[in-house]
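Have a look at the structure below before the remarks.
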Amino acid sequence: MKNSFLVVISLILTLIITKSVAEEVGLPIHYIVQVSVRDVSELDYFEKHGYSVDTYDGKCARVYIPEEALQELVKEGFQFQIIGTDPSIQLEKTPPGYHNYAELTQFLQNLTNTYPELTRLTSLGQSVRGRELWALHITDNPDIEEDEPEFKYVSTIHGDEPVGTELCLLFAEYLLRNYSTNARIKNVVDEISIWIVPLMNPDGREMSTRRNANGVDLNRAFPSYPVDFNTFYYDGGNTSIETREPEVQHIMRWSLEHNFSLSANFHTGAQVVNYPYDDDGGPSGVDAPTPDDALIRWLSTQYAKHNTLLYNSTQFPGGITNGALWYVITGGMQDWNYRFTGCIEVTVELFNTKFPSGSWIPTLWNYNRESMLSYLECVLRGVRGLVYDRKIGSPIWTKVFVQGNSQPVFTHPRVGNYHRLLLPGTYNLAFTAPGYIPYRVNGIEVVDGWATRKDIPLSDGDINVDNKVDEEDVDLAVRVVLGITPIEIDIDIDGNGLGASDIQAIINQSLSLPIGIFPD
């Protein structure tokens with residue numbers, strides 16, 4: 001009884017002090033509660049009411065809720081206990097082993113000063129309170145947009161989960177220090193445009209809170225499908241950037257300015273690689289696979305299998321899980337990346353403890369170093385190439401389809417390169433762009449190794465190269481296809497293209513529609 005009394009007194013004192021801290025940083029207090037869950041579908045209650053589920057172990061959920069919601073939980077019959085507060089008074093702003101915002105800034109600047117030939121440090125924009133969202137670019141020619149895949153690691157979207165920040169800093173330093181002596185590392189730096197955003201929520205990190213300085217959970221603040229958008233950015237989907245939190249706006253603009261093929265973001269609070277979809281309209285506890293489900297499960301395993309903390313999980317076989325199968329969240333970053341931009345992203349939960357002692361950082365780095373490198377290397381697989389205008393050679397912003405898969409990827413609008421991640425096998429691909437004849441390539445062999453190369457010339461239908469598309473081009477196309485006219489000019493209609501189906505495309509110019517690209 002005495003111990004219980006002391007616990008209650010301690011909790012009361014903690015709440016009083018926390019309210020004072022919350023007032024000081026200008027944020028309303030949230031409670032972290034551990035809730036007994038009778039059925040996984042109960043988790044949807046919290047997300048639908050705007051409370052953030054942090055993790056779920058099959059029996060209990062850890063949930064961030066505002067102070068006024070405690071009575072609602074009681075009314076709904078939930079059994080719960082308060083286990084913490086947000087912002088937290090128990091976390092030092094810079095415990096040993098961690099970098100605060102100023103130290104992180106200095107660390108990144110030191111890296112770019114030491115390795116100027118391999119790095120550029122860019123601010124994506126400022127947080128609510130004016131702190132920079134730093135992005136470190138690592139590649140062999142950082143000032144040149146090259147024909148190479150783009151990759152990103154992003155961490156600490158939740159300010160009270162800074163382990164990933166430290167691992168991102170260590171990983172960047174690891175790549176740069178070993179570039180000149182390690183052939184494997186030299187290959188990834190030379191062949192990949194690598195971007196690292198180690199601290200997406202600098203205000204939250206400085207205030208020891210999950211949220212940003214406006215009190216918003218940033219991993220619930222991205223556009224959600226189909227409410228905020230229902231098609232790809234390429235097809236004119238609504239970005240609604242200006243309505244978002246500043247940190248989310250910056251990440252969205254940056255992502256849309258580039259052509260990322262693969263990504264991961266880092267959290268703590270569990271130990272698992274969580275892959276999309278996080279939300280497909282169904283309830284928590286139900287698998288929500290993407291069109292690339294087999295590929296994404298394989299990619300997730302490439303991270304998890306090198307990390308025994310994840311791979312030997314008793315809750316998640318193989319250390320991976322579908323997001324919705326675990327629990328549904330709406331407005332998450334990884335779903336937006338995949339659905340809107342075509343970039344495959346996973347969420348890596350690094351450690352069960354959200355903010356462990358800094359003495360754990362070297363150990364967690366050892367667990368994750370090979371995982372981070374192996375996952376990065378995955379972006380070099382599949383099929384890659386350039387898509388360009390047949391007549392003048394200029395790059396074309398193009399949509400790339402794989403037969404039997406409804407999820408396209410896109411070329412880089414300024415470079416024209418595409419990178420379609422695929423498992424080993426044989427694939428039919430199609431390339432479409434407004435104003436150009438769709439182009440199909442059948443029987444591309446993808447091996448268990450580096451990507452197969454296939455460059456694609458697109459034609460605007462001007463077969464006789466007289467700078468206009470008219471009946472003469474259609475007539476010439478018919479004659480060539482029927483074998484009446486010998487192929488004496490560069491007509492871009494051959495056994496690797498669409499053949500006779502080019503003719504209708506030339507006539508109606510419905511060149512960006514996927515209908516009919518692949519024959520039945």
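The values are calculated or read from the model by the stated rules, or taken from the named source; none is laboratory data. As the structure is a prediction and not an experimental result, all values here were calculated from the model. Neighbour counts run over all protein chains shown; Cβ positions are idealised from the backbone, glycine included.
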| query | Is there a residue in the stretch 502-515 that is touching a strand residue (DSSP E or B) at 6+ places or on another chain (Cβ under 9 Å), surrounded by 16 or more Cβ atoms within 10 Å (Cβ to Cβ), modelled with pLDDT of 95 or more and aliphatic (A, V, I, L, M)? | reply | no
| remark: The residue from Val387, Val348 that alone is crowded, with 19+ Cβ neighbours inside 10 Å and in the same structural domain as Asn467 (by TED's automatic domain parsing) is Val387
| query | Quick one: is Trp298 more than 23 Å from Val63 (Cα to Cα), aromatic (Phe, Trp, Tyr) and out of contact with any Ser or Thr (no Cβ under 7 Å at 6 or more places or on another chain)? | reply | yes
| Which of the following residues is basic (Lys, Arg) and surrounded by fewer than 23 Cβ atoms within 10 Å (Cβ to Cβ): Arg339, Arg297? | Arg297
| said: I'd like the full set of residues that are in contact with a strand residue (DSSP E or B) (Cβ under 7 Å, 6 or more places away or on another chain), assigned to a helix (DSSP H, G or I) and small (Gly, Ala, Ser), limited to the stretch 298-352. | reply: Ser300, Ala304, Gly319, Gly323
| query | From Gly449, Gly461, which residue is buried (at least 17 other Cβ atoms within 10 Å of the Cβ), in a loop (DSSP other than H, G, I, E, B) and at pLDDT 70 or above? | reply | Gly461
| said: Of the residues Gly332, Gly358, Gly318, only one is assigned by TED's automatic domain parsing to the domain that holds Thr165 and either of a type in the set (A, V, I, L, M) or under 16 Å from the mean Cα position of the chain (by Cα) (or both); which? | reply: Gly332
| message | Against the condition under 30 Å from Arg369 (Cβ atoms) and buried (at least 24 other Cβ atoms within 10 Å of the Cβ), how does Asp278 come out, does it pass? | response | yes
| said: Quick test for you: out of Tyr179, Tyr225, pick the one residue that is under 30 Å from Pro362 (Cβ atoms) and hydroxyl-bearing (Ser, Thr, Tyr). | reply: Tyr179
| task | Look through Asp292, Asp217 and report the one residue that is in contact (Cβ under 8 Å) with a residue 60 or more places away in the chain, over 30 Å from Asp86 (Cβ atoms), out of contact with any Asp or Glu (no Cβ under 8 Å at 6 or more places or on another chain) and crowded, with 20+ Cβ neighbours inside 10 Å. | result | Asp292
| message | Kindly evaluate Tyr233 against the criterion of being crowded, with 17+ Cβ neighbours inside 10 Å, farther than 29 Å from Gln126 by Cα and either at pLDDT 95 or above or among the hydroxyl-bearing types (Ser, Thr, Tyr) (or both). | response | no
| Evaluation of Gln79 against (1) outside the structural domain of Ser180 (by TED's automatic domain parsing); (2) exposed (fewer than 12 other Cβ atoms within 10 Å of the Cβ); (3) of a type outside the set (A, V, I, L, M, F, W, C) (one fails), failing number | (2)
| Of the residues in the stretch 139-158, how many are more than 18 Å from the chain's Cα centre (by Cα) and either within 15 Å of His99 (Cβ to Cβ) or hydrophobic (A, V, I, L, M, F, W, C) (or both)? | 1
| field | Any pair with Cβ under 8 angstrom, 6 or more apart, that starts in the stretch 184-197 at a residue that is assigned by TED's automatic domain parsing to the domain that holds Glu148 and farther than 18 Å from Ser155 by Cβ and ends at one that is assigned to a helix (DSSP H, G or I) and among the polar types (S, T, N, Q) | value | Ile185/Asn178
| request: Pick out the one residue from Asn187, Asn212 that is modelled with pLDDT of 95 or more and either under 23 Å from Ser240 (Cα atoms) or not in a helix (DSSP H, G or I) (or both). | output: Asn212
| query | Name the residues in the stretch 226-254 that are charged (D, E, K, R), outside any helix (DSSP H, G or I) and closer than 22 Å to Val409 by Cβ, would you? | reply | Asp228
| request: Being touching a residue at least 24 places away in the same chain (Cβ under 8 Å) and not basic (Lys, Arg) is the filter here, so list the residues in the stretch 240-254 that pass it. | output: Glu245, Pro246, Glu247, Val248, Gln249, His250, Ile251, Met252, Trp254
| Count of the stretch 35-45 residues which are assigned to a strand (DSSP E or B) and either under 28 Å from the mean Cα position of the chain (by Cα) or crowded, with 18+ Cβ neighbours inside 10 Å (or both) | 1
| task | Give me a count of the residues in the stretch 117-141 that are surrounded by fewer than 20 Cβ atoms within 10 Å (Cβ to Cβ) and assigned to a loop (DSSP other than H, G, I, E, B). | result | 6
